[in-house]
Amino acid sequence: AGRAKSKDMLMDLSNAMKALYMDEYRVSDDVHARREAVRSGIEEIVTASAAFPEGTRVAVFGSSANGFGSPSSDLDLCLQIPQSATDFTKEHGVSAMTQLAEKFTEAGMVDVDTVRLTARIPIVKLNFPYDKDGKSILVECDLSLQNPLACLNTALLNTYSKISPDTCILASIIKRWAKMRDINNPAMHTLSSYGYVLMLLFYLTSSEPNDGFVVDPGNVRGKNPPLLVNLQRVDPSWAQNPVGPYREILAKPHNQYCIHQHPTEPIYMVNTYFYRSGLEILEQYHVNRSKGGPCLGVVLASFFRYFAYEFDYKKLVVSLDTKHGEFKEKETKAEEDGWSLYKPGLAIEDPFEHFYDVAHVVKTSNFHHIQQEFALAYSKIASATSGDRGFVTGRDLI
Ligand code: CTP
Ligand code: MG
């Protein structure tokens, strides 16, 4: 009887998560229109400034374009310098952005901030006054200089958000939780939103939470197809010839992409393959998988439990570059990419830039704190849904 009650409460939690998502995270057409107006407004100023090569564009990346944002998300933008402008170096870019910042202020932008122009990827921050129906609101923008891989990983995340509404809901709730718990601030050596989303994608593509998580905490691994297909491992010919529900490939096809940060910086190649045609098949797969699988509340609780107690941080890397049910070891990363074998805490391999650890900013002491927060979130759901404390809502959780 206890188990049946706990199941009901987990269903209640799932419904509360969906309701919270509908209330706070769905981005309306109005918000999309506002973002496009701000993007093109900034692009106009860039084009008029003449400090940048002809054909320079402004592109949106991050949560405004990856499907895991909310109406209040900031707007991450980047300046795309045309490849033909080979003599336009990073130094030129920084000086052009300094001039651009002045133009922004002249054009009425608020709090234009050039402090981060000295960063690895130079950034100007500003608030764009957007007027509609007699009301003015300030849209917070970060404008960076060239960021080709961020645009690509945004496209990857966006494709996940399109094929799996459940992933959108989970990502939104987890990002909200991380912000509320104050563990989502890379400047303070905790983890970026991007890092949390990658942890979720890793979890969903590699594990299968079982329904009886309160009673039976063991995860069953490798028996069922994943909750989420790994887009970087779907056979590219699957759309033309779908065999079974999901076919995983052993070796990824190579879509070599040449990263040309700036002409004076080294050029390197990354494999940017991910499955992006025939998404209807994947949408249908996830509708079916979601019907037959555990409810959202169970998946959320299992995610927290997994990263609190089950994931072997000492030995493993959070990596999407593995077959379902397999894991990449720190030892392998040490051999392939020279990563430290002895980094005690969280390591997250970027889905494209394999040599880049998305969690490199996280201090060891903060890692322990984050792990405790995972445990606390799990125990809150477990105790609330085991029947003693009654209903738990998406808001209670955080
Ligand atoms: N990014 C990256 N590498 C990182 C951090 C971020 O490439 N180590 C890029 C990703 O393209 C990511 C974007 O920068 O989508 C924005 O990062 P972040 O602010 O962490 O994520 P958002 O999705 O924008 O989250 P939020 O809603 O909290 O702004
Ligand atoms: Mg952002």
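Descriptive notes on the structure:
- Candidate set from segment 289-331 (those that are of a type in the set (S, T, N, Q) and outside any helix (DSSP H, G or I)); member that is farthest from MET199 (Cα to Cα): THR322
- Candidates VAL124, VAL112, filtered to the one that is within 16 Å of ligand 2 (Cβ to nearest atom), farther than 22 Å from LYS175 by Cβ, not charged (D, E, K, R) and not in a loop (DSSP other than H, G, I, E, B): VAL124
- Of the residues making up segment 43-60, just one is in contact with a helix residue (DSSP H, G or I) (Cβ under 6 Å, 6 or more places away or on another chain), of a type outside the set (Ser, Thr, Tyr) and either more than 18 Å from PHE104 (Cβ to Cβ) or part of a helix (DSSP H, G or I) (or both), namely ILE45.
- Output for segment 129-153, where each listed residue is within 15 Å of ligand 2 (Cβ to nearest atom) and part of a strand (DSSP E or B): VAL139, GLU140, CYS141, ASP142, LEU143, SER144
Here's the yes/no breakdown for (1) modelled with pLDDT of 95 or more; (2) more than 13 Å from ligand 1 (Cβ to nearest atom); (3) within 25 Å of SER172 (Cβ to Cβ):
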| residue | (1), (2), (3) |
| --- | --- |
| CYS78 | yes, no, yes |
| ASP87 | no, yes, no |
| GLU106 | yes, yes, no |
| CYS141 | yes, no, yes |
| LEU152 | no, no, yes |
| LEU157 | yes, no, yes |
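- In segment 92-137, the residue that is surrounded by the fewest Cβ atoms within 10 Å (Cβ to Cβ) out of those that are out of contact with any Phe, Trp or Tyr (no Cβ under 9 Å at 6 or more places or on another chain) and touching a residue at least 60 places away in the same chain (Cβ under 8 Å) is LYS132.
- Meets criteria (modelled with pLDDT of 90 or more and outside any loop (DSSP other than H, G, I, E, B)) for VAL27: no
- Exactly one residue out of SER40, SER73, SER63 is under 29 Å from LYS162 (Cα atoms), within 16 Å of ligand 1 (Cβ to nearest atom), among the polar types (S, T, N, Q) and not in a loop (DSSP other than H, G, I, E, B), and it is SER63.
- Residues satisfying the stated conditions in segment 317-327, i.e. modelled with pLDDT of 95 or more and touching a strand residue (DSSP E or B) at 6+ places or on another chain (Cβ under 6 Å): VAL317, VAL318, SER319
Every residue, every condition in (1) at pLDDT 95 or above; (2) farther than 20 Å from TYR378 by Cβ; (3) of a type in the set (Ser, Thr, Tyr); (4) in contact with a strand residue (DSSP E or B) (Cβ under 9 Å, 6 or more places away or on another chain), yes or no:
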| position | (1), (2), (3), (4) |
| --- | --- |
| LYS179 | yes, no, no, no |
| ILE183 | yes, no, no, no |
| LEU191 | yes, no, no, yes |
| ASN219 | no, no, no, no |
| VAL243 | no, yes, no, no |
| LYS252 | no, yes, no, yes |
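- Residues located in segment 31-67, provided they are touching a Lys or Arg at 6+ places or on another chain (Cβ under 6 Å), within 16 Å of ligand 2 (Cβ to nearest atom) and hydroxyl-bearing (Ser, Thr, Tyr): SER64
- Inter-residue pairs, beta-carbon under 7 Å, first at pLDDT 95 or above and in segment 61-73, second assigned to a loop (DSSP other than H, G, I, E, B) and more than 9 Å from ligand 2 (Cβ to nearest atom), 6+ apart: PHE61/ASN147
- Whichever residue in segment 337-352 is of a type outside the set (D, E, K, R) and in contact (Cβ under 8 Å) with a residue 60 or more places away in the chain and, among such residues, is surrounded by the most Cβ atoms within 10 Å (Cβ to Cβ): PRO351
- Qualifying residue in segment 82-101 (condition: small (Gly, Ala, Ser), part of a strand (DSSP E or B) and under 12 Å from SER144 (Cα atoms)): no
- Total residues in segment 335-363 satisfying the condition of being outside any loop (DSSP other than H, G, I, E, B) and either at pLDDT 95 or above or of a type in the set (Gly, Ala, Ser) (or both): the figure is 3.
- Condition met for ALA37 (modelled with pLDDT of 95 or more and farther than 19 Å from THR105 by Cα): no
The values are calculated or read from the model by the stated rules, or taken from the named source; none is laboratory data. Computed from a prediction, not measured in an experiment: that's the story for all the values here. Backbone-built Cβ (ideal geometry, glycine too); neighbour counts: all protein chains shown.
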